[in-house]
Amino acid sequence: MAVGLIMIAAAVQLYSSGVDATWVISQKAEMQQDLRSTSDMLLKDISLAGAGMPLGQGIALPSGAGVRPLYGYANGCSNCVNTNGLQYPCAAPTGTCVPTLFGIIPGYQLGITPPGSTTRSDVITMVYTDTVFALNCYNISFPAGGGINPVTFTLPSPLPSSCVLPPNIVTPQPVNDPVVGLQTGDVVFFQNTLGSSSGQAVAEVSTVAKTGTNTYTVTFADSDPLKLNQSTATSGDLAQIITGTGTTATRLFVITYYLWLQPDPLGVGTGTPVLMRQVNGHAPTPVAENVVNMQFTYDTYAADGTLLNNSGDGGESTGVSPNLIRKINVLHLSIRSQLAGTRSALYATKGFQTYDIQTSISARNLSYQNRYQLQ
């Protein structure tokens, strides 16, 4: 009996160790899969930063009305450092602030302090044009009596030579297409010829309606969540370019990644850190749970043209434009296991398992244009 009990105890111990090891391995496999898909999405967006945007120092946003345009979670965010959204950076560090939309916007320590950390996480924002929705194929007209609402989009026939359709698309999609068309909260970039200069404006869609076979009206009403529609602004608003000719429009993707702490439904513990992805003025969507840290540095150029490597804020504190950023370094992208090690005898004293990756990616649409554009 004694020998039998010893053998049974050994078998139970062996089985328990096997179960613990299986649990640990499955946790690691799940973390690897989540981190891989998360990094793939994040790095793809970073690689597209600035794609399709005009050369120069970014797009000037509305100013002069005393209201600063917002990006990120402008519709509100609990457990965020700035609960009502983030303000766009100024084009110049001194003097009058002209909020500007850059291809990439660093958010140094603008995020939450993740559980177990003493350092705030970063926020990062990328901007690039939509190459799937052929909005630039439409003719655009403003109300004859003045003002900007509603803006009329008409599909011409034949299509202009400047109309470039995506692969396998034979005609531009309807403006109100439920899949790829304009929706409330979308950001649209307008360009035209305004006298001897170029008129540019960015606006947020309020409503979309079909008014004819190939005609659609879109409104850009004031008091939008992103504060991009400011008819009383002295510059940067759509109202300032309505007298221009040859107006074209392109949808922009303003994409912000940030960490959010989801409260525990039972009110126990610190909650679950979640990596969120916000596109334009739409509701944010979760990318992955248990992302416990996200930090970046940037390689850019100082004011005298020398390299400024591993700058946390992309050189903003020294007056460097975000348009000069040439490489984004992912300093930390960390994910932890769903359950702590206390659930496993094998890892009883080691808490959560974690993975952390570091990598770098070139912002080719920014660095190339700054190096090789004509002077």
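Assorted remarks:
- Selected residue (criterion: farthest from TYR71 (Cα to Cα)) from residues of the range 178-216 that are aliphatic (A, V, I, L, M) and buried (at least 19 other Cβ atoms within 10 Å of the Cβ): VAL208
A quick yes/no check of all residues on (1) within 25 Å of the chain's Cα centre (by Cα); (2) not acidic (Asp, Glu):
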{"position": "VAL127", "(1), (2)": "yes, yes"}
{"position": "ASP130", "(1), (2)": "yes, no"}
{"position": "PHE133", "(1), (2)": "yes, yes"}
{"position": "ALA144", "(1), (2)": "no, yes"}
{"position": "ILE148", "(1), (2)": "no, yes"}
{"position": "PHE153", "(1), (2)": "no, yes"}
{"position": "VAL164", "(1), (2)": "no, yes"}
{"position": "VAL170", "(1), (2)": "no, yes"}
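- Extreme residue, modelled with the highest pLDDT, among residues of the range 187-205 that are outside any strand (DSSP E or B) and over 21 Å from CYS137 (Cα atoms): GLY195
- Hits in the range 111-130 (condition: within 26 Å of PHE189 (Cβ to Cβ) and either surrounded by fewer than 22 Cβ atoms within 10 Å (Cβ to Cβ) or modelled with pLDDT under 90 (or both)): TYR128, THR129, ASP130
- Residue in the range 155-164 that is touching a residue at least 40 places away in the same chain (Cβ under 8 Å), surrounded by 12 or more Cβ atoms within 10 Å (Cβ to Cβ) and either out of contact with any strand residue (DSSP E or B) (no Cβ under 6 Å at 6 or more places or on another chain) or farther than 21 Å from GLN200 by Cβ (or both) present: yes
- Annotation note: of ASP222, ASP177, the sole residue that is among the acidic types (Asp, Glu), farther than 30 Å from ASN79 by Cβ and in a loop (DSSP other than H, G, I, E, B) is ASP177.
- Contacts under 9 angstrom Cβ, first residue in the range 27-50 being of a type in the set (Ser, Thr, Tyr), partner modelled with pLDDT under 85, 6 or more apart: SER47/ALA363; SER47/ARG364; SER47/ASN365
- When ASP222 is tested against (1) within 22 Å of THR83 (Cα to Cα); (2) in contact (Cβ under 8 Å) with a residue 24 or more places away in the chain; (3) acidic (Asp, Glu), exactly one condition is not met: (2).
- Candidates are the residues of the range 290-317 that are over 16 Å from HIS332 (Cα atoms) and assigned to a strand (DSSP E or B); the one that is farthest from the chain's Cα centre (by Cα) is LEU307.
- Subset of the range 276-286 that is in a strand (DSSP E or B) and within 12 Å of the chain's Cα centre (by Cα) - its residue that is surrounded by the fewest Cβ atoms within 10 Å (Cβ to Cβ): THR285
- Selected residue (criterion: nearest to ILE59 (Cα to Cα)) from residues of the range 217-236 that are of a type in the set (A, V, I, L, M) and buried (at least 20 other Cβ atoms within 10 Å of the Cβ): LEU228
- Test for VAL179: is it touching a residue at least 24 places away in the same chain (Cβ under 8 Å) and not polar (S, T, N, Q): no
- Cβ separations smaller than 9 Å between residues 6+ apart or across chains give the following pairs from the range 112-131 residues that are outside any loop (DSSP other than H, G, I, E, B) to residues that are of a type in the set (Lys, Arg): THR129/ARG251.
- Annotation note: of PHE142, PHE153, the sole residue that is modelled with pLDDT of 95 or more and not polar (S, T, N, Q) is PHE153.
- Residues of the range 297-338 that are among the hydrophobic types (A, V, I, L, M, F, W, C), farther than 30 Å from GLU30 by Cβ and in contact (Cβ under 8 Å) with a residue 60 or more places away in the chain: ILE325 alone.
- Condition check for ALA239: more than 23 Å from the chain's Cα centre (by Cα) and either crowded, with 21+ Cβ neighbours inside 10 Å or not aromatic (Phe, Trp, Tyr) (or both): yes
The values are calculated or read from the model by the stated rules, or taken from the named source; none is laboratory data. Everything numeric here is computed off the predicted structure, so don't read it as measured data. Virtual Cβ from ideal backbone geometry, glycine too; neighbours counted across all protein chains shown.
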